[in-house]
Amino acid sequence: MSPSSDWGYNEFVHTGPGTLAGRYLRRFWQPVYHGEDLAGGRATPVRIMSEDFTLYRGESGSPYLVAFRCAHRGTQLSVGWVEGDCIRCFYHGWKYDGSGQCVEQPAEPEPFAGKVRIRSYPTQEYLGLIFAYLGEGEPPPFPLYPEFEDFAGILELDSFARACNYFNNLENSLDSTHVGFVHRTHGNAFDGVVDSPIVQAEESDWGIHFYAKRPVGGGRHTYFGMPNIFHMHALPTDPEAGWREFLFWWVPVDDEHHIQFGVSRMGVTGEAAGRYQERRQARLAQMDLDHNALCNAILAGKLRLDEVDPKRTDIVRLQDDVAQVGQGRIADREHERLGRADAGVIMIRKLWARELKALADGQPLKQWSRPAGLAPMTWNPELGD
């Protein structure tokens with residue numbers, strides 16, 4: 001199947017206001033920030049899908065997302081002051097509550113605050129992330145992941161920015177073959193030359209059920225949730241923590257940058273958990289090289305990947321940077337040649353093309369639903385075909 005024959009592939013990558021993919025992604029709750037990075041009484045600018053917003057945490061502890069600029073003279077609101085659960089503009093002191101309603105205009109002898117409102121967006125804090133609904137109308141029910149809420153072990157956030165279109169990363173998630181090459185230096189990776197998995201992908205109630213079975217035995221079940229969520233096991237990075245169960249969201253910043261928001265859970269408890277935390281902090285303390293800068297140097301031919309000290313950066317992240325950014329900030333799919341191993345990539349394009357075409361034509365969209373108890377399985381030798 002030629003990628004150029006897929007309806008609307010160029011539509012997938014553009015997510016600004018008014019674009020088809022932007023309209024589609026805005027129909028779902030999206031993570032926009034780490035909760036622990038937003039202190040009470042503080043505001044910050046955030047950019048999501050080529051649109052700027054003001055995120056602040058009221059003194060009550062509740063997060064709020066409102067328009068980027070004051071309605072008065074257009075000054076950036078995030079440089080102002082948080083007062084209670086309101087935000088006051090730095091320029092002339094107009095104050096807005098969390099719904100976007102202007103509630104004070106200090107310099108106006110006859111205030112008309114009741115006639116002034118800026119846009120606001122529903123928010124929800126969950127699993128350490130702040131989610132927002134950026135679409136029109138009432139938001140859909142907020143999706144929950146109970147197995148990440150109450151379990152014996154450690155819940156950990158692991159998010160970062162990558163300098164390419166979000167769809168590069170989204171497709172990479174449904175590509176098991178790359179692990180044996182991009183991550184070949186990882187002690188738990190398979191040999192891509194002789195042991196690359198045979199893959200299958202099928203549409204599910206949530207999105208895609210992805211299978212990968214290796215010739216030497218064992219396999220992997222992972223799950224993609226439409227439109228931009230992935231539920232998987234990740235390669236171990238610690239001798240006591242084992243495989244980590246991850247939820248990922250790939251959220252566009254603009255068409256050439258995105259954030260991978262990740263939440264992982266590990267069933268390590270007691271003294272082992274304490275030892276894990278100490279080793280993790282020690283590893284992070286050694287990481288003084290920025291993976292994005294290293295990626296740029298490698299792609300420019302100024303550095304080789306095997307010359308990078310793996311202790312001084314997140315080497316798995318850097319390996320994926322090189323592969324995905326190396327496709328182009330926005331990948332050229334017109335001249336690629338897909339194979340049998342690209343079953344997951346082909347499937348996700350089909351689903352996105354179908355849903356965007358339905359959205360463009362004003363037709364009903366599929367209502368995706370995640371079954372209770374859905375769980376990835378990794379390298380289980382008892383897996384069938």
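Key figures
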| item | result |
| --- | --- |
| Some residue of the range 264-273 being under 28 Å from Y24 (Cβ atoms) and either without any contact (Cβ under 8 Å) to a residue 40 or more places away in the chain or surrounded by 20 or more Cβ atoms within 10 Å (Cβ to Cβ) (or both) | yes |
| Failed condition for D52, given (1) within 30 Å of Y145 (Cβ to Cβ); (2) open to solvent by less than 30 Å² (accessible area, probe 1.4 Å); (3) without any contact (Cβ under 8 Å) to a residue 40 or more places away in the chain; (4) not polar (S, T, N, Q) | (2) |
| Among (1) touching a Leu at 6+ places or on another chain (Cβ under 7 Å); (2) more than 18 Å from N10 (Cα to Cα); (3) surrounded by fewer than 18 Cβ atoms within 10 Å (Cβ to Cβ) - the single one G344 does not satisfy | (3) |
| Verdict on E59 being open to solvent by 60 Å² or more (accessible area, probe 1.4 Å) and on the phi < 0 side of the Ramachandran plot | yes |
| Subset of the range 114-139 [charged (D, E, K, R) and touching a residue at least 40 places away in the same chain (Cβ under 8 Å)] | R117, R119, E125, E136 |
| Which numbered condition C89 fails, given (1) within 19 Å of S60 (Cα to Cα); (2) buried (at least 16 other Cβ atoms within 10 Å of the Cβ); (3) in contact with a Leu (Cβ under 9 Å, 6 or more places away or on another chain) | (1) |
| Yes/no for A323 being open to solvent by less than 70 Å² (accessible area, probe 1.4 Å), at pLDDT 95 or above and within 21 Å of the chain's Cα centre (by Cα) | yes |
| Which numbered condition P111 misses (of (1) free of Cβ contacts under 8 Å to residues at least 40 places away in the same chain; (2) open to solvent by less than 30 Å² (accessible area, probe 1.4 Å); (3) farther than 21 Å from G61 by Cα) | (2) |
| Hey, G16 under 30 Å from D361 (Cα atoms) and either at pLDDT below 95 or open to solvent by less than 40 Å² (accessible area, probe 1.4 Å) (or both) or not | yes |
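The values are calculated or read from the model by the stated rules, or taken from the named source; none is laboratory data. Keep in mind that what you see is a predicted model, and the values were worked out from it rather than measured. Cβ: placed from backbone, ideal geometry, glycine included. Neighbour counts: every protein chain shown. We work out accessible area using only protein heavy atoms, side chains counted, and drop any ligands, DNA or RNA first. Shrake-Rupley method; radii C 1.70, N 1.55, O 1.52, S 1.80 Å.
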